[in-house]
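The values are calculated or read from the model by the stated rules, or taken from the named source; none is laboratory data. Note that the structure is a prediction, hence the values are computed from the model and not measured. Virtual Cβ from ideal backbone geometry, glycine too; neighbours counted across all protein chains shown.
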Amino acid sequence: MPRSRRQTVRVPCKVNLHLGVHAEKDARGYHRVDSVMVPVGLRNTIVIESAPETSISFDPALDDPVRRNATQRAVELLSRELGARERVAIRIERRIPSGGGLGSSSADAGSVLRALAARWDVGPLDQCVVGVARRVGADVAFFLHPVPSLLRGAGDTLEKTFPDFVGVPLVLVMPEGCASSTREVYEEFDCMPEMPESPNALCDALAASDVLGVAENLYNNLAPAALRLKPAMEEPAAWLARQPGVVASQITGSGSCSFAICESADAAVRIAHAAKNERGWWAKAVFTVGLDGQFC
């Protein structure tokens with residue numbers, strides 16, 4: 001690929017259909033996790049170009065050092081591993097909110113890794129690239145190949161994919177002022193750990209493209225810890241579950257965003273409108289997405 005090429009990357013966020021956190025941890029201090037994630041069509045846009053010096057900027061500007069540093073670390077590690085001499089300017093146009101359990105920092109870091117791997121003639125699932133992703137953060141590897149997937153390990157080891165679970169209407173709802181610290185939520189979980197349920201039934205439903213079966217098996221055993229830290233999350237989560245047109249709902253990841261599988265796109269739009277205009281919450285009507293259209 002010519003080094004002067006401008007790359008434009010569309011970055012999906014994610015929701016967890018299943019998040020099963022185990023009490024035990026690996027050598028890195030990460031909990032063992034069974035995670036079923038699906039990419040969702042609320043996207044950041046990343047633009048990458050050759051430059052005299054490597055730089056990363058966010059628009060709107062970003063105050064969160066964790067999110068900024070994840071992308072910076074991803075670039076530095078991959079450049080070192082591949083011996084890449086090219087310097088790049090990376091601009092990230094943000095639409096995915098931080099602190100919602102939507103994978104914002106992981107989405108940025110993983111998608112930059114995927115784009116740079118292509119730029120430097122390496123496959124996105126090359127072991128070198130995957131190894132860098134796992135060093136940056138637990139969910140980063142998912143965004144190297146963002147299709148509906150079951151991941152084990154610390155949520156960073158791909159086990160199987162479900163590429164046909166796309167086009168499912170969802171609504172995302174998040175209250176103001178409830179952004180969650182993933183580290184603090186996991187620390188709270190450690191105070192009252194619980195054995196997670198198996199993701200097998202959910203995975204069977206995904207494999208069969210059975211939306212109702214998926215809805216019946218949504219699961220997140222990290223949500224109680226998130227709610228203990230941020231009780232204000234409970235109101236939008238409960239409100240969402242009561243809305244006509246919602247098939248099933250739950251909190252995603254460590255919070256604070258709740259999502260619902262909806263009967264139709266119209267229902268998702270109506271619920272998002274009500275959440276914003278009647279309750280004053282951030283809300284978006286979206287679909288589950290696959291790889292098509294993620295990169296151009």
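Hey, any hits in the stretch 10-26 for a residue that's in contact with a Pro (Cβ under 6 Å, 6 or more places away or on another chain), assigned to a strand (DSSP E or B), charged (D, E, K, R) and not assigned by TED's automatic domain parsing to the domain that holds residue 213?
So far as the stretch 10-26 goes, yes, one or more of its residues are in contact with a Pro (Cβ under 6 Å, 6 or more places away or on another chain), assigned to a strand (DSSP E or B), charged (D, E, K, R) and not assigned by TED's automatic domain parsing to the domain that holds residue 213.
Take the conditions modelled with pLDDT under 95, within 25 Å of residue 167 (Cα to Cα) and in a strand (DSSP E or B) and apply them to residue 40. Does it pass? Give the derivation first.
Details: modelled with pLDDT under 95: no; within 25 Å of residue 167 (Cα to Cα): yes; in a strand (DSSP E or B): yes.
No; evaluated as a whole, the condition is false for this residue.
With the condition kept exactly as written, say whether any residue in the stretch 255-269 is touching a residue at least 24 places away in the same chain (Cβ under 8 Å), touching a helix residue (DSSP H, G or I) at 6+ places or on another chain (Cβ under 7 Å), over 20 Å from residue 37 (Cα atoms) and buried (at least 18 other Cβ atoms within 10 Å of the Cβ).
Within the stretch 255-269, none of the residues are touching a residue at least 24 places away in the same chain (Cβ under 8 Å), touching a helix residue (DSSP H, G or I) at 6+ places or on another chain (Cβ under 7 Å), over 20 Å from residue 37 (Cα atoms) and buried (at least 18 other Cβ atoms within 10 Å of the Cβ).
For the stretch 66-170, which fully contained strands (runs of 3 or more DSSP E) count at least 2 residues that are at pLDDT 95 or above and more than 25 Å from residue 26 (Cβ to Cβ)? Give the derivation first.
Values: elements: 88-93, 149-152, 157-161.
Output list reads 88-93.
Quick one: which residue in 151, 172 is in contact (Cβ under 8 Å) with a residue 40 or more places away in the chain and in contact with a Lys or Arg (Cβ under 6 Å, 6 or more places away or on another chain)? Let's see the steps before the verdict.
Numbers: 151 fails: in contact with a Lys or Arg (Cβ under 6 Å, 6 or more places away or on another chain).
Criteria check complete, one pass: 172.
What are the residues in the stretch 171-209 that are hydroxyl-bearing (Ser, Thr, Tyr), assigned to a helix (DSSP H, G or I) and at pLDDT below 95, if any? It would help to see each step written out before you state the result.
As a first pass, look at the stretch 171-209 and keep what is hydroxyl-bearing (Ser, Thr, Tyr): 180-182, 186, 198, 209.
If we keep only those that are assigned to a helix (DSSP H, G or I) as well, we get 182, 186.
If the condition is that a residue be hydroxyl-bearing (Ser, Thr, Tyr), assigned to a helix (DSSP H, G or I) and at pLDDT below 95, then 182 is the only one that fits.
Could you list all residues from the stretch 247-296 that are in a loop (DSSP other than H, G, I, E, B) and either within 16 Å of residue 43 (Cα to Cα) or more than 17 Å from the chain's Cα centre (by Cα) (or both)? Steps first, answer last, please.
In the first step, residues of the stretch 247-296 are kept if they are in a loop (DSSP other than H, G, I, E, B); the result is 252-257, 263-264, 280-281, 289-294, 296.
Passing the criteria: 257, 263, 264, 280, 281, 289, 290, 291, 292, 293, 294, 296.
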